[in-house]
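Student: If you scroll down you'll find the structure; I have some questions about it.
The values are calculated or read from the model by the stated rules, or taken from the named source; none is laboratory data. Just so we're clear, the structure is a prediction, and the values are computed from it rather than from any experiment. Here Cβ is always computed from backbone atoms with ideal geometry, including for glycine, and neighbour counts include all displayed protein chains. All accessible areas refer to the heavy atoms of the entire protein, side chains included, with ligands and DNA or RNA removed. Shrake-Rupley method; radii C 1.70, N 1.55, O 1.52, S 1.80 Å.
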Amino acid sequence: MTETVGILGLGAYAPERVMTNADWAELVDTSDEWITTRTGIKERRFAAADETSADMAVSAAHRVLDDAGLDATDIDEIILATDTPEMYAPDTAAFVQYQLGAREIPAFDLAGSGCAGFLMALDVARTRAQLGRKRVLVLAVELISRLMNWNDRDTCVLFGDAAGGAVVGPGEDVIGMLGAAAGTDGSKAGILCLEAGGTRVPFSAEVAAAGLHQKVVMHGREVFREAVRRMSQVTHELLEQAGKSLSDIALVVPHQANMRILEAVGKRLGLAPERVFSNIREYGNTGSASVPLALCHARAQGRIAAGDLVLLTSFGAGFHWAGLLLEF
Ligand code: UT7
């Protein structure tokens, strides 16, 4: 059997603390009914007070390595996607390299690419592995509960904390990566962003007093429309690229942004609801971590069989969107 580059292992981590809709209704002017009908979310997980982004990423990394049957010292490179880093600088990947006990390998973040970050990083890892970088650990982590505005009902009820990942490299019995596609429309950068803290709106006492450092700017309806359009578009691009049709796909695992977005994507693609995986009810929107978390849950629930084609799609701030076609 010859070796090909593919996914050698998968893993995900969600913190223990559960935050329900009823918990939110005690803090802001919202209700279980509103959150459930508008988003499909019932609960989400929040990190413990002493837990950081790097800690969560390392917890996920241990599961990825266990699944792959590898040690941290077997990893040749780390790429980490996040919008909620350990620090402004250095990047979260540096902390993870040390905490995980990896060798002195290249480790870097793919930062600010929103919910599409994991799939974009996975494709970078695929090409790096093919070029001889061997085993690349790809991680996605979001600890948004610590950085968001807990008084902003428009956004706070949507998000949850989680981490997930995959190791990409050569092997005989890999999850095949049949194709990848992605795109960016930077003209929409202001529709979904956290604008303070960079060079455009530097952090200052005034910024802090106005709470801008925690203000997720989000035009919900436009994000909704574009998410449906782009995740459907990238699905068609991937299928065309791979010479496959939708009937060949056993399961679509999309970014978990809103249950209504997932239903609309399924409808637009003409897929029965059971062919679009969702765990948003229990975890909310976990940003870049949502696709690896959902993929791990789909596999653990027996929704993926050997030989299945599984299509991953994602959409987020940027706007960025990405897709990946896997063969289990
Ligand atoms: O990963 C990418 C990140 N973001 C997304 O994917 C978000 C995409 N967009 C969405 O999921 C939806 O647009 C939302 C869930 C954010 C909002 O749902 P919607 O059906 O588009 O509602 P809306 O923005 O049109 O707001 C309807 C009403 C507003 O009140 P008025 O103006 O009609 O009186 C909001 O103030 O709902 C109000 N509202 C809430 N009410 C209770 C907004 N948030 C809440 C809340 N509880 N938490």
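Student: Using θ = phi - 60° and the Karplus curve 6.51 cos²θ - 1.76 cosθ + 1.60, what whole-Hz ³J(HN,Hα) does each residue of the stretch 65-77 get, with Gly and Pro shown as x?
Tutor: Taking θ as phi minus 60°, the curve returns 5, 4, 5, 8, x, 10, 9, 4, 6, 7, 7, 9, 6 Hz for the stretch 65-77.
Student: Leaving out ligands and nucleic acids, and using a 1.4 Å probe, what accessible area per residue does the chain come to in Å²? List each step's numbers first, then the result.
Tutor: On the way: 14040 Å² over 328 residues.
Heavy-atom SASA per residue in the chain reads 43 Å².
Student: In the chain, carbon and sulfur make up what percent of the accessible area (probe 1.4 Å)? Write down the numbers at each step before the final one.
Tutor: On the way: 6940 of 14040 Å².
Looking at the chain in its full context, I get 49 percent from C and S.
Student: Around Arg38, under 12 Å between beta carbons, what's the net of Lys plus Arg minus Asp minus Glu among the other residues? List each step's numbers first, then the result.
Tutor: Details: positive: Arg153, Arg221, Arg260; negative: Asp32, Glu33, Asp154.
Within the 12 Å Cβ shell, the charges total 0.
Student: Is the C-alpha gyration tensor of the chain telling us rounded, prolate or oblate? Criteria: a/c under 1.5 is rounded; beyond that, a/b larger than b/c is prolate, otherwise oblate.
Tutor: Values: a/c = 1.60, a/b = 1.21, b/c = 1.33.
Oblate, because a/c is 1.5 or more while a/b does not exceed b/c.
Student: Report Rg/Rh for the stretch 1-98, rounded to two decimals, where Rg is the Cα radius of gyration and Rh the Kirkwood radius. Walk me through the numbers on the way to the answer.
Tutor: On the way: Rg = 17.9 Å, Rh = 16.3 Å.
Taking Rh as the inverse mean 1/r over Cα pairs, Rg/Rh reads 1.10.
Student: A further question on this structure: Rounded to the nearest 20 Debye, what is the dipole magnitude of the stretch 178-327 about its Cα centre when Lys and Arg each give +1 and Asp and Glu each give -1 at the C-beta? Intermediate values should be presented prior to the final figure.
Tutor: Values: 15 positive and 13 negative charges, 61 e Å.
Dipole about the Cα centre, nearest 20: 300 debye.
Student: If you restrict to DSSP beta bridges whose two residues both lie in the chain, what percentage is antiparallel, to the nearest 5? Before the final figure, lay out each step's value.
Tutor: Numbers: 40 of 57 bridges.
Approximately 70 percent, going by the DSSP bridge assignments.
Student: Still on this structure, I have one more. Ignoring ligands, DNA and RNA, how do Thr4, Thr30 rank by accessible area with a 1.4 Å probe, largest first? Intermediate values should be presented prior to the final figure.
Tutor: Values: Thr4 75, Thr30 30 Å².
Sorted by accessible area, descending: Thr4, Thr30.
Student: Now for a separate question. Using the basic label-point model (7 angstrom from Cα toward the beta carbon), what is the Thr4 to Ala305 distance in nanometres?
Tutor: 2.0 nm
Student: What is the distance in Å between the Cα centres of the stretch 18-72 and the stretch 235-311?
Tutor: About 19 Å separates the Cα centre of the stretch 18-72 from the one of the stretch 235-311.
Student: May I ask for the equivalent-ellipsoid semi-axes of the stretch 182-328, computed as the square root of five times each C-alpha gyration tensor eigenvalue and listed largest first in whole Å?
Tutor: Values: eigenvalues 208, 52, 33 Å².
Semi-axis lengths for the stretch 182-328 are 32, 16, 13 Å.
Student: Once you place label points 7 Å from the Cα toward the Cβ at Arg275 and Glu16, how far apart are they in nm?
Tutor: That separation, rounded to one decimal, is 4.1 nm.
Student: If I build a Gaussian network model for the chain, linking alpha-carbon pairs within less than 10 angstrom, which residue out of Val207, Val58, Val223 has the largest mean-square fluctuation?
Tutor: Val207
Student: Oh, and also: Please identify, among Leu309, Leu137, Leu295, the residue showing maximal mean-square fluctuation in a Gaussian network model of the chain using a 10 angstrom Cα cutoff.
Tutor: Maximum fluctuation in the GNM of the chain, among the listed residues, is at Leu309.
Student: Find the lysine pairs in the chain meeting two conditions, Cα atoms under 26 Å apart and a separation of 8 or more places or different chains, and report how many there are.
Tutor: On the way: Lys42/Lys215; Lys42/Lys267; Lys188/Lys215; Lys188/Lys267; Lys244/Lys267.
Step by step, the pairs that qualify in the chain add up to 5.
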